[in-house]
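The next block holds one structure in the form of structure tokens; read it before the comments.
The values are calculated or read from the model by the stated rules, or taken from the named source; none is laboratory data. As the structure is a prediction and not an experimental result, all values here were calculated from the model. Cβ atoms come from the backbone with ideal geometry, glycine included; neighbour counts cover every protein chain shown. Note: areas computed on protein heavy atoms with side chains; ligands, DNA, RNA excluded. Shrake-Rupley method; radii C 1.70, N 1.55, O 1.52, S 1.80 Å.
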Amino acid sequence: MTEFVKAELEAGILTVTMARPDKKNALTNEMYGALADALERAEKDSAIRAVVFQGDGDSFTAGNDMADFAAQSREPQAERHVVRFLRNLAISTKPLIAAVQGNAVGIGTTMLLHCDLVYVAPTARLITPFVNIALVPEAASTHLLPARIGHARAYAMFAFGEPVDASTAVSIGLANASVPLEELRMKAREAAAALAKRPAGSLSKTKALMRDAETISAHMQREGAVLQERLTSAEAREAFAAFAERRQPDFSNPAR
Ligand code: COA
């Protein structure tokens with residue numbers, strides 16, 4: 001149990017809120033566990049017709065907690081709930097909707113590739129800085145992102161950590177619409193409520209036909225194996241130390 005993820009069910013809509021705003025909703029292992037649990041609950045409960053993801057404070061999420069990454073680089077975690085969360089995203093049959101304001105970093109952006117509707121506020125900034133911290137992308141994003149926005153744009157997002165703003169996100173197909181911040185959550189809820197009235201069986205079959213869950217899961221596994229290796233690399237250790245020490249990492253030594 002963690003207080004940093006809330007899951008509230010109302011009128012068939014499960015609203016899942018990342019609620020660690022003082023840390024920009026950076027995701028710890030425990031938080032991934034709660035996110036994974038929420039998706040499992042949605043799959044099991046036929047009364048849940050849609051899931052909305054949102055984040056408290058000025059950011060959607062700053063992505064994986066950097067202290068957790070640093071800890072994993074020293075000692076592998078016994079149970080990495082992120083793996084379960086990603087797997088549940090891949091195989092989810094329920095409509096997933098995201099309401100994104102501010103920074104959506106790393107998995108904060110890659111999880112959007114698994115959402116069926118994405119609404120962004122004008123403050124939204126989608127950023128996938130995996131290479132900046134000497135890692136590799138996850139969530140099958142090395143497969144899904146180029147397929148969605150083309151190789152060149154996806155590569156720039158990955159290799160340079162180039163941020164994508166709200167209007168660009170809409171124009172390149174990463175989001176459905178940009179809505180004023182004060183209307184963001186309502187917009188996501190309205191969309192969820194509209195979906196909740198549609199025939200659930202038809203929606204889930206449509207989603208299954210649109211996504212190849214097996215290919216996505218296989219890709220996640222390949223990425224996960226490489227990410228695990230990268231986590232213990234000298235380059236990644238330097239990146240995590242630099243974040244903790246609030247300095248730029250030094251990647252000048254090729255032996256790293
Ligand atoms: N893990 C752990 N803590 C994080 C975090 C993360 N991913 N992102 C932010 N925080 C913490 C900061 O350490 C800071 O904590 P403090 O107040 O105790 O010092 C607090 O959240 C606020 O962050 P700050 O950097 O001051 O906010 P900002 O608005 O200037 O910048 C970000 C926000 C998200 C752009 C910036 O924090 C950032 O780049 N974070 C790292 C993101 C990242 O690389 N994630 C991994 C992706 S693969």
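List of remarks:
- Loop-resident sites, the range 176-256, for GluC sites (Glu not before Pro), counting at most 12 other Cβ within 10 Å (DSSP): Glu245
- Net length available on complete extension from Arg74 to Phe251 is 61.8 nm, with 0.36 nm assigned per residue and the Cα-Cα distance removed.
- Efficiency of FRET between Glu10 and Gln221 - r from beta-carbon atoms, R0 41 angstrom, step 0.05: 0.70
- The antiparallel fraction among DSSP beta bridges confined to the range 78-180 stands at about 20%.
- Accessible area of Phe160 in the full protein assembly, 1.4 Å probe (Å², nearest 10): 150 Å²
- Cα-based reach from Lys23 at 12 Å (exclusive), listing aspartates and glutamates while leaving out same-chain residues under 8 positions away: Asp56, Asp58, Asp65
- Full-stretch length increase - Lys197, Met1 - with 0.36 nm per residue and alpha-carbon distance subtracted: 67.4 nm
- Among the listed pairs Lys44/Lys187; Lys94/Lys205; Lys94/Lys197, those beyond 18 Å (Cα-Cα): Lys44/Lys187
- Förster radius 45 Å - calculated FRET efficiency between Ser233 and Lys207 (Cβ-Cβ, nearest 0.05): 0.75
- Accessible-area composition of the range 5-182, carbon plus sulfur, in percent [1.4 Å probe]: 55 percent
- Counting only DSSP beta bridges with both residues in the range 5-182, the antiparallel share comes to about 30 percent.
- Dividing the helix sum by the residues of the chain, where each DSSP H run of 4 or more adds -39500 (n - 2.57), gives a mean residue ellipticity at 222 nm of -14000 deg cm²/dmol.
- Accessible area of the range 5-182 divided out per residue, in Å², using a probe of 1.4 angstrom: 38 Å²
- The range 5-182 shape via C-alpha gyration tensor axes, a/c threshold 1.5: rounded
- For the chain, the longest principal axis of the C-alpha atoms and the axis of helix 213-231 are separated by about 30°.
- Of the residues Ser167, Ser202, Ser233, the one that moves most in a GNM of the chain with alpha-carbon contacts below 10 Å is Ser202.
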